[in-house]
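Report on the following structure.
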Amino acid sequence: MTRLRQLYGLNPLVIHANYLVNMAGGNSEFHAKSIKAFGGEVERALALCADFLVLHPGSFRGSSREEGLQRAAVGIEQAVEGLDLAGGKLRILIENTAGSEFSLGGNFEQVAELLSLLKNYVPSGACIDTCHTHVSGYDIVSEQGFAETLDQLDRTVGLKNVYVWHCNDAKAERGSRLDRHQHIGKGSIGLPAFRQLLNDPRLASAAFIAETPIDEPLDDLANVNALRKLVGKGTK
């Protein structure tokens, strides 16, 4: 697998856990199944020699947010028990969410709290999604808002702990909490925000991934190219 990574230039290799996994859920039977399922995701990530495995922290419906955070942390720890993540150089990344009513990770503070709970047990970090950030209420469109949002991210999660960015424009408006991804430059975020993001020197070591819709063949390539054209174009 390492040979294939080198052949196709897959560096870093980032994969995403199944969306049905809910590490914060209050239903004990489903939580146990989620722990087992996520353990399988980790095993596959190790087999693929992946660098990062991205996970949505889940829904705490039926309990408090704090209880959900605790369950998510304990569930992740149980799922990776006995697996050599450090030896495989695999890091679990918690992704911020769009901020719907019962979802964890709808703000940077919640992501930071979960990472704090995991730090002594699991190699971890954050994956920040631009659409989720925008629709959860953060301003990444205006120049000042972008700067303030990154400052807040640095104060909470720490920019050094953000290893991956999911680059998606948004179909919905800022603060709508609607998770609807759009093609780069064709949504309510717009090209200038991505230009700022891709050229910010503080993020030079992070990986940027297009996680956009495929409405027509080669849409994914068009979105990647749209992002590439912004690199080295300054921040204005």
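The values are calculated or read from the model by the stated rules, or taken from the named source; none is laboratory data. Please read these numbers as outputs of a predicted model, since none were measured by experiment. As a convention, Cβ positions derive from the backbone with ideal geometry for all residues, glycine included, and neighbour counts pool all protein chains shown.
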If you go through the range 14-23 one residue at a time, do you hit one that is farther than 21 Å from VAL162 by Cα and without any contact (Cβ under 8 Å) to a residue 12 or more places away in the chain?
no
In this structure, does PHE52 turn out to be in contact with a Lys or Arg (Cβ under 7 Å, 6 or more places away or on another chain) and either surrounded by fewer than 19 Cβ atoms within 10 Å (Cβ to Cβ) or in contact (Cβ under 8 Å) with a residue 40 or more places away in the chain (or both)?
yes
Looking only at the range 180-205, which residues are part of a loop (DSSP other than H, G, I, E, B), small (Gly, Ala, Ser) and surrounded by 20 or more Cβ atoms within 10 Å (Cβ to Cβ)?
GLY187
Name the residue, out of VAL157, VAL164, that is of a type in the set (A, V, I, L, M, F, W, C), touching a Phe, Trp or Tyr at 6+ places or on another chain (Cβ under 7 Å) and in contact (Cβ under 8 Å) with a residue 60 or more places away in the chain.
VAL164
With respect to ALA98, determine if the residue is surrounded by 13 or more Cβ atoms within 10 Å (Cβ to Cβ), more than 29 Å from ARG174 (Cβ to Cβ) and under 19 Å from the mean Cα position of the chain (by Cα).
no
Only one residue in GLY62, GLY39, GLY25 is in contact with a Ser or Thr (Cβ under 9 Å, 6 or more places away or on another chain) and small (Gly, Ala, Ser). Which one?
GLY25
Could you give me the residue pairs with C-beta distances under 8 Å whose first residue belongs to the range 138-149 and is on the phi < 0 side of the Ramachandran plot, whose second residue is assigned to a helix (DSSP H, G or I) and modelled with pLDDT under 95 wherever it lies, and which are 6+ apart or on separate chains?
none
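Quick check on this structure: which one of GLU77, GLU81 is surrounded by 15 or more Cβ atoms within 10 Å (Cβ to Cβ), more than 18 Å from the chain's Cα centre (by Cα), over 25 Å from ARG180 (Cα atoms) and of a type in the set (Asp, Glu)?
When all the criteria are applied, what remains is GLU77.
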When residues of the range 74-101 are filtered for being touching a Gly at 6+ places or on another chain (Cβ under 9 Å) and closer than 20 Å to THR130 by Cα, how many remain?
9
Quick check on the range 206-221: of everything there that is among the aliphatic types (A, V, I, L, M), touching a residue at least 12 places away in the same chain (Cβ under 8 Å) and not in a loop (DSSP other than H, G, I, E, B), which residue is farthest from LYS160 (Cα to Cα)?
ALA210
Looking at (1) part of a strand (DSSP E or B); (2) over 14 Å from LEU115 (Cβ atoms); (3) of a type outside the set (S, T, N, Q), which one does GLY125 not meet, given that it meets all the others?
(2)
Screening ASP219, ASP151, ASP129 for residues that are acidic (Asp, Glu) and either touching a Leu at 6+ places or on another chain (Cβ under 7 Å) or farther than 28 Å from ILE92 by Cβ (or both) leaves only ASP219
Subset of the range 138-163, residues surrounded by 15 or more Cβ atoms within 10 Å (Cβ to Cβ) and part of a loop (DSSP other than H, G, I, E, B), comes to TYR138, ASP139, ILE140, VAL141, VAL157
